[in-house]
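The values are calculated or read from the model by the stated rules, or taken from the named source; none is laboratory data. Since we're looking at a predicted model, the values are computed, not measured. With ideal geometry, Cβ positions are generated from the backbone for all residues, glycine too; neighbour counts draw on all protein chains shown.
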Amino acid sequence: MAEQQRGTQAVKVGLAQMLKGGVIMDVVTPEEARIAEEAGAVAVMALERVPADIRRNGGVARMSDPQMIKEIKAAVTIPVMAKARIGHFVEAQILEAVGIDYIDESEVLTPADDVHHINKHTFKVPFVCGCRDLGEALRRIAEGAAMIRTKGEAGTGNVVEAVRHARAVQGAIRQLQTMDDDELYVYAKEIRAPVELVRQTKALGRLPVVNFAAGGVATPADAALMMQLGMDGVFVGSGIFKSGDPAKRARAIVQAVTHYNDPAVLAEVSCDLGEPMVGIDVREKGFKSYAQRSE
Amino acid sequence: MVAGPVKLRVGVLALQGSFREHMTLLRRIPGVEPVEVRTKEELDSVAGLIIPGGESTTMALVAERWGLIPELRSFAASQRPIWGTCAGLIFLANRASGMKEGGQALLGGLDCMVQRNFFGAQINSFETQLPAPPCLPRSSDASDTFRAVFIRAPAITETGEGVEVLAEYRLTEEEQAAQGHDSVAVAVRSGPLLATAFHPELTQDSRWHELFVQMVQQHAADAAAAAAAAPAPDPFAKLGRAPNRPADLPFY
């Protein structure tokens, strides 16, 4: 029989394909992870602090304690993701050694390298990375990301940046599809992306990997909005466990992502959810953007 | 308008997971009209159903919330063919281990024991070539092996009588030491049920889809009444807004 091959692109992208049409939830304890699984999350993101608390507390945000990640892994059967700092390939090595299912090289943590991202081709574990536009998405894919999420602004409960980034990516792809092939070289240079990936994106009419929305989704309506804008699924960070009734809100967001095109269902699941998380206006003076931490 | 020949409506359960990949491969097969199934009406309109890969816990919870579990059970009881890939295999199995605390809703019908996440975490996910069973159609691809992609895959550790094993996977020494098995079944067939632990929908190879379509055609021919198929409900009719979904992912 043929040898088995681990960590191939098909295997890395394949897990993200299995997560499509689902909700990935930030959790800080095994109990929260169980609530998320019970609500129908397709995966959980194990963290020490949700982004809203990272914003409030300030300081340097790093990879979570591996012990805490192990405890969350033991509590659930769904995939467990964890965040490494941008460019911190040793944090990524540690997360791979712990047996994490997906690594988020995340701008929500304080970047460890303000120039280079992790060379993700050297890992067997797959990576998801954030983007604000098509060029940034394709640069991450060139570095080996097997999944993309639009950045939004984590910990704000404000969907405006998530919408901006999703529209930027989808709009650029539509524009790309109308271009002459001769124009792709200069376009690739302008968006600072490899021309091969630009060509592939044009041919497919979409990013060549799975693309989730993130950063500000707080309600079932927000989640369905991101799905109708063409995202493959959503990450919900602070929006669930910073709200009044996390279990109920989590279930409602899961239903909204499956039935994103059915306003009657969305109306039904949006009823009586209790208090949403308190939001932050990103235009306020002194607002600290996480999305602009990397490009 | 000239009505074309009646196409065979094959459904893909579209609650979560890799349903669009299945739709893409079904579209390549002549005479097949793939249908995304989210509601009872859509389920009633199809002659066979694929339960895709994804998270089985999520699919079970979403199906339960909208009362789809009893509908799926009566679909299975009608003997219309069902094919489960990965999470779909877990749905079809009579017995399963490694489930989340409190268990999860199963459809059942396939007399076998399935272990969820048999190979462990994503780092142990893999792809390999396996021998193609004789029943696999050879028209689109004549090779004797097929590409099998296993993503946090389940495995079939026991099969009952009347369950035909179509593909087996011989464990590596490392896996044998961890599991105490030499090999596990990864594709089985029993009456109208087909189940695979791997994901043909993540490859270019449409032969498993052709095999399933043959099963559906056979059943539809047997039940001639199924010919008068209802028109497809438009999933965007409720919205009055053009579909804004991106195209499909590439195959790797």
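Numerical summary
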{"read-out": "Options B:Glu42, B:Glu33, B:Glu55: the member that is closer than 28 Å to B:Ser140 by Cα and either without any contact (Cβ under 8 Å) to a residue 60 or more places away in the chain or of a type outside the set (S, T, N, Q) (or both)", "value": "B:Glu33"}
{"read-out": "Which numbered condition A:Phe235 misses (of (1) touching a helix residue (DSSP H, G or I) at 6+ places or on another chain (Cβ under 9 Å); (2) at pLDDT 95 or above; (3) surrounded by 15 or more Cβ atoms within 10 Å (Cβ to Cβ); (4) more than 14 Å from every other protein chain (Cβ to nearest Cβ))", "value": "(1)"}
{"read-out": "Residues of the stretch A:90-137 classified as within 15 Å of the chain's Cα centre (by Cα) and part of a loop (DSSP other than H, G, I, E, B), total", "value": "7"}
{"read-out": "Criterion (β-branched (Val, Ile, Thr) and crowded, with 22+ Cβ neighbours inside 10 Å) met by exactly one of A:Val159, A:Val163, A:Val186, A:Val265", "value": "A:Val159"}
{"read-out": "Qualifying positions in the stretch A:22-32 - assigned to a loop (DSSP other than H, G, I, E, B) and touching a helix residue (DSSP H, G or I) at 6+ places or on another chain (Cβ under 6 Å)", "value": "A:Gly22"}
{"read-out": "Residue in the stretch A:48-58 that is β-branched (Val, Ile, Thr), within 14 Å of chain B (Cβ to nearest Cβ) and within 19 Å of the chain's Cα centre (by Cα) present", "value": "no"}
{"read-out": "Residue that is touching a Gly at 6+ places or on another chain (Cβ under 9 Å), part of a helix (DSSP H, G or I), among the small types (Gly, Ala, Ser) and buried (at least 18 other Cβ atoms within 10 Å of the Cβ), where the choices are A:Ala41, A:Ala36, A:Ala52", "value": "A:Ala52"}
{"read-out": "Checklist (1) more than 10 Å from chain B (Cβ to nearest Cβ); (2) over 26 Å from A:Met81 (Cα atoms); (3) out of contact with any helix residue (DSSP H, G or I) (no Cβ under 6 Å at 6 or more places or on another chain) applied to A:Val265, failing item", "value": "(1)"}
{"read-out": "Unmet requirement for A:Ser270, which otherwise passes all of (1) among the hydroxyl-bearing types (Ser, Thr, Tyr); (2) modelled with pLDDT under 95; (3) closer than 21 Å to A:Ile24 by Cα", "value": "(2)"}
{"read-out": "Residue identified as in contact (Cβ under 8 Å) with a residue 40 or more places away in the chain, surrounded by 21 or more Cβ atoms within 10 Å (Cβ to Cβ) and touching a Lys or Arg at 6+ places or on another chain (Cβ under 6 Å) among B:Pro137, B:Pro200, B:Pro154", "value": "B:Pro154"}
{"read-out": "Any hit, the stretch B:77-94, residues being over 17 Å from A:Val42 (Cβ atoms), surrounded by fewer than 20 Cβ atoms within 10 Å (Cβ to Cβ) and facing chain A (nearest Cβ under 8 Å)", "value": "no"}
{"read-out": "Hey, A:Ile69 assigned to a helix (DSSP H, G or I), touching a residue at least 40 places away in the same chain (Cβ under 8 Å), of a type outside the set (D, E, K, R) and under 21 Å from A:Gly155 (Cα atoms) or not", "value": "no"}
{"read-out": "Qualifying residues in the stretch A:92-117 (those that are of a type in the set (Asp, Glu) and under 14 Å from A:Val80 (Cβ atoms)) - the one farthest from the other protein chains (Cβ to nearest Cβ)", "value": "A:Asp104"}
{"read-out": "The lone exception for A:Arg283 - which of (1) of a type in the set (Lys, Arg); (2) part of a helix (DSSP H, G or I); (3) surrounded by fewer than 22 Cβ atoms within 10 Å (Cβ to Cβ) it fails", "value": "(2)"}
{"read-out": "Some residue of the stretch A:2-14 being over 22 Å from A:Met226 (Cα atoms), touching a residue at least 12 places away in the same chain (Cβ under 8 Å) and more than 9 Å from chain B (Cβ to nearest Cβ)", "value": "no"}
